[in-house]
Amino acid sequence: MSKFKEYDVEEIDALCSLGKALSSPIRIEIMQLLYEEGMIIGDIAKKLDLPASSTAFHLKILEEAGLIRMEKQPGTRGTVKFCIRKVDYITVSLIKKNTDVSEIFNAEMPVGAFSSCQVTPTCGMFGPDGYIGNEDTEYCFYYPERMKAGILWTSSGYVEYKFSNGVPRKRKIKRASISMEICSEAPGYKEDWKSDLTLWVNDVEVGTWTCPGDFGGRRGRLNPPAWPNGSTQYGMQVVWEIRSDGSYLNGEKISEVTVNQLSIMDRAFVSVKIGNKPGAKYEGGFNLFGKHYGDYNQDIVLTMEY
């Protein structure tokens, strides 16, 4: 598999190291030698008809630039250094970022694409082909078919999603928001069934919101004909926002948790977890709606401004 490396115009030291590494025809020849396989320093010196000391000097410059990796391995007389090429393609961006203009990363996650969960009856999932597995059975939530779910429900517990973090490295997150359609979960449905729903982002508790009910008095605007009457039909569109001055739900402040506390740029993914905390006053479960179900044509949406 090809290996790519990106450089930014603001990474001055890294760009200077790269320029130094590629400024020598000998070092470029070394990169060509290492294209198909790794080699020890002695073999590279023989191929290029160079002294071992000169070869080691050039290899150190390539290593400092991040273009190769050197590993110690046992040899016939002690240890030898084995050289491996780290990069096949290099991209250099010479565009200076305007720090006064924000950029947006946006991702949408199907409700069935959770990475972990804890559910209790009543619980289940429903997709294009009907119920996924059996209702009120936890192990069905681990079926591969769960990815097709358009709605899922549980009387307590949580679901957790891991979004790929597509924000370019070394950027600062100004704001993160998570949007979803959700309501409580009662047997059948019950309009006045409260549920304390908590959101966690990267294992940080963002806040708790009390959903007023499980809504089923009319059909959801998008529900397919196969979805039965007499059960949950739609939810409320809820937007959680984590800003520099605290966290908000549909524009109203819900906690003092700030976006800096989430350590978003420390991970390759963003963990989003929603559910009832153990011992919540209203442990009323939840229904999560995806595209083609409920009233809003969306899955779970993560937006990050940076």
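Coordinate-derived values only; no laboratory data. Everything quoted here is computed from the prediction, not taken from an experiment. Positions of Cβ are backbone-derived with ideal geometry, glycine not excepted, and every protein chain shown enters the neighbour counts.
Within the range 100-143, count every residue that is acidic (Asp, Glu) and either surrounded by fewer than 14 Cβ atoms within 10 Å (Cβ to Cβ) or on the phi > 0 side of the Ramachandran plot (or both).
Final tally of qualifying residues: 4.
Of (1) among the polar types (S, T, N, Q); (2) in a loop (DSSP other than H, G, I, E, B); (3) under 26 Å from LYS170 (Cα atoms), SER23 satisfies all except one. Which?
For SER23, the exception is condition (3).
Just checking, how many residues over the range 53-97 are among the aliphatic types (A, V, I, L, M), loosely packed, with under 15 Cβ neighbours inside 10 Å and part of a helix (DSSP H, G or I)?
Residues that pass the stated criteria total 0.
Okay, residues lined up against (1) within 37 Å of the chain's Cα centre (by Cα); (2) not acidic (Asp, Glu):
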| position | (1), (2) |
| --- | --- |
| SER17 | yes, yes |
| ALA21 | yes, yes |
| PRO25 | no, yes |
| GLU29 | no, no |
| GLU36 | yes, no |
| ILE41 | no, yes |
| LEU50 | no, yes |
| SER53 | no, yes |
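For every residue, the table says whether it meets (1) under 17 Å from VAL159 (Cβ atoms); (2) among the polar types (S, T, N, Q).
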residue	(1), (2)
GLN233	no, yes
GLU241	no, no
GLY246	no, no
LYS253	no, no
GLU256	no, no
TYR293	yes, no
ASN297	no, yes
ILE300	yes, no
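Select from the range 211-247 the residues that are surrounded by fewer than 19 Cβ atoms within 10 Å (Cβ to Cβ), under 18 Å from ILE274 (Cβ atoms) and free of Cβ contacts under 8 Å to residues at least 40 places away in the same chain and list them in ascending order.
PRO212
May I ask you to verify whether GLU10 is under 12 Å from HIS58 (Cβ atoms) and surrounded by fewer than 16 Cβ atoms within 10 Å (Cβ to Cβ)? Steps first, answer last, please.
On the way: under 12 Å from HIS58 (Cβ atoms): no; surrounded by fewer than 16 Cβ atoms within 10 Å (Cβ to Cβ): yes.
In short, no.
Within the range 108-146, take every residue that is of a type in the set (A, V, I, L, M) and not in a loop (DSSP other than H, G, I, E, B) and give me the one that is farthest from PHE289 (Cα to Cα). Break it down stepwise before answering.
If we filter the range 108-146 for residues that are of a type in the set (A, V, I, L, M), which is where we start, we get 109, 111, 113, 119, 125, 132.
When the remaining residues are screened for being not in a loop (DSSP other than H, G, I, E, B), the result is 109, 119, 125.
On the way: MET109: 11, VAL119: 16, MET125: 10 Å.
Ranking the qualifying residues of the range 108-146, first place goes to VAL119.
Out of all the residues in the range 279-306, which are touching a strand residue (DSSP E or B) at 6+ places or on another chain (Cβ under 8 Å), of a type outside the set (Phe, Trp, Tyr), assigned to a loop (DSSP other than H, G, I, E, B) and surrounded by fewer than 24 Cβ atoms within 10 Å (Cβ to Cβ)? Don't jump to the end; show me each part of the working.
Taking the range 279-306 first, the residues touching a strand residue (DSSP E or B) at 6+ places or on another chain (Cβ under 8 Å) are 280-290, 293-296, 298-306.
Going one step further and asking which of them are of a type outside the set (Phe, Trp, Tyr), we end up with 280-281, 283-285, 287-288, 290, 294-295, 298-305.
Filter once more, keeping what is assigned to a loop (DSSP other than H, G, I, E, B): 280-281, 283-285, 290, 294-295, 298-299.
Once the filter is applied, which keeps residues that are touching a strand residue (DSSP E or B) at 6+ places or on another chain (Cβ under 8 Å), of a type outside the set (Phe, Trp, Tyr), assigned to a loop (DSSP other than H, G, I, E, B) and surrounded by fewer than 24 Cβ atoms within 10 Å (Cβ to Cβ), the range 279-306 yields ALA280, LYS281, GLU283, ASP295, GLN298, ASP299.
What are the residues in the range 108-144 that are charged (D, E, K, R) and in contact with a strand residue (DSSP E or B) (Cβ under 7 Å, 6 or more places away or on another chain), if any?
From the range 108-144, those charged (D, E, K, R) are 108, 129, 135-136, 138; that's our starting set.
Passing the criteria: GLU108, GLU135, ASP136, GLU138.
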